[in-house]
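Just below is one structure, and these are the notes that go with it.
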Amino acid sequence: KEVLGFYISSHPLDQHRETIARFGNATTADLRDLPQDRRIILGGMVKSVRAVVTKSGKSAGSRMAIVTFEDAAGPIEAVLFTDAYAQFSSILMADACLFIVGKVDHTRGDPQLIADQVIPVDRAPVYLATSIEIEIKDDPETPGLARGALDHLNGVLKSARPADRGTPVPLSLVIRSAGKRYRVALPSAVAASAELLDSLGRILGPGAVRVNGGRPIEAAKSQGRPWERRGVQKPPPPVLPGEVPESSRAEGAVLAAVEAGK
C-alpha cells in the first residue's frame, strides 16, 4: 500500500466489518445530513494525523490534532482538541482501526466530527456494548448439563463484577428447552471484557454469548427555558474511556484559527 497507494489484498477494515456494523451508529456519508452537535459513534480507519500547536486561548502551547478518518463510505476530518488529543494521541496512528465518538460539526464548511473519545476496534465491546445475551440449551439427553453451566456462569459473573473496567451493561439469559425459548433478565451488570467473554465461551461453547451494540444517535442537547431546566436531572450516560469535557467556545476559536491557516 505504501508504494502503490492502494491495497493489493483486502482492505484492513474488511476484517472489522461486523464489529463496526454492530457498535457504530453512523457512517461518514451520514454526517452531511445529521444536525449540528448530533453525537455519533463512527467506526473506521485513520488515514493521517496532523498535530497542531495552539497559539492562543486557555490551551496555548498545547497540541491538538486534525485526523483524516475513513470508512467504507469515504473520508472525513475528525478534530481532537487538546484534552482529547493528550488522552488518545498514542493510539492515533495511520492505518489504525478505531471507533471515534464525538459531535457532528457543520460550522466550517464540510462536515467534521469533534471527537472526545477514541476506542480501539478490539475494545469496542468493553465500552460500546448495550447488553450481553447468554444462551444455554437444556438437553434432556444430557440431564444436569444446564444446571452445571448455570453454576459455573454464576461464579464467573460474581468474580467479574468488581474487577472489570468499562461500561457495565445488562445481562439476559436465554434457555432453550423442549423447542421453547425462555428469556430471563439477570440482576448482574458487567462490562463485556475480553477476559469475561473468553471465560463464558469456555463454559458455554462457541456461539453461546452475544454482545449487542446499537447505541442510538444522541440528539443535540437543548438548553430550553430556565424554568424548564429545573427539577431532577437525568443520570449521566455511561462513561467511555478517557471522557473529556465538551469543547468550549475558546476551543472553537482555536479550530477556526487553525482552519484559516491551512
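Checked against the criterion of being of a type in the set (K, R), within 19 Å of the chain's Cα centre (by Cα) and crowded, with 17+ Cβ neighbours inside 10 Å, the range 5-19 contains not a single residue that satisfies it. Might you check whether a residue that is within 27 Å of G214 (Cβ to Cβ), surrounded by fewer than 20 Cβ atoms within 10 Å (Cβ to Cβ) and of a type in the set (A, V, I, L, M, F, W, C) occurs anywhere in the range 46-68? No: zero hits. Only residues that are modelled with pLDDT under 95 and basic (K, R) were counted across the range 33-68, and they come to 2. G74 fulfils the conditions (1) without any contact (Cβ under 8 Å) to a residue 60 or more places away in the chain; (2) over 21 Å from G214 (Cα atoms); (3) surrounded by 15 or more Cβ atoms within 10 Å (Cβ to Cβ) except for a single criterion, (3).
Within the range 91-105, residues that are over 12 Å from P120 (Cα atoms) sit with their Cβ atoms under 6 Å from residues that are charged (D, E, K, R) and open to solvent by 10 Å² or more (accessible area, probe 1.4 Å), at 6+ positions apart or across chains, in these pairs: G102/D116; K103/D37; K103/R39; V104/R38.
Take the range 69-106 and flag every residue that is of a type outside the set (A, V, I, L, M, F, W, C) and within 10 Å of G44 (Cβ to Cβ). Selection gives E70, D71, G74, P75.
Could you say which residue among E70, E135 is among the charged types (D, E, K, R) and closer than 30 Å to R176 by Cα?
Numbers: E70 fails: closer than 30 Å to R176 by Cα.
After applying the criteria, what remains is E135.
Sub-6 Å Cβ pairs linking a first residue in the range 18-32 that is more than 17 Å from P120 (Cα to Cα) to a second residue that is part of a helix (DSSP H, G or I) and among the basic types (K, R), at least 6 apart or interchain, number zero.
Residues being under 26 Å from C97 (Cβ atoms) and not in a loop (DSSP other than H, G, I, E, B): count how many of those fall in the range 108-142.
Residues flagged as under 26 Å from C97 (Cβ atoms) and not in a loop (DSSP other than H, G, I, E, B) within the range 108-142 amount to 20.
Within the range 87-107, the residues that satisfy the criterion of being closer than 13 Å to I66 by Cα and either open to solvent by 20 Å² or more (accessible area, probe 1.4 Å) or in contact with a Pro (Cβ under 6 Å, 6 or more places away or on another chain) (or both) are S89, M93, A94.
The values are calculated or read from the model by the stated rules, or taken from the named source; none is laboratory data. Everything numeric here is computed off the predicted structure, so don't read it as measured data. Reconstructed Cβ throughout: ideal geometry from the backbone, glycine too, with neighbour counts over all protein chains shown. Surface areas here come from the heavy atoms of the whole protein model, side chains and all, with no ligands, DNA or RNA. Shrake-Rupley method; radii C 1.70, N 1.55, O 1.52, S 1.80 Å.
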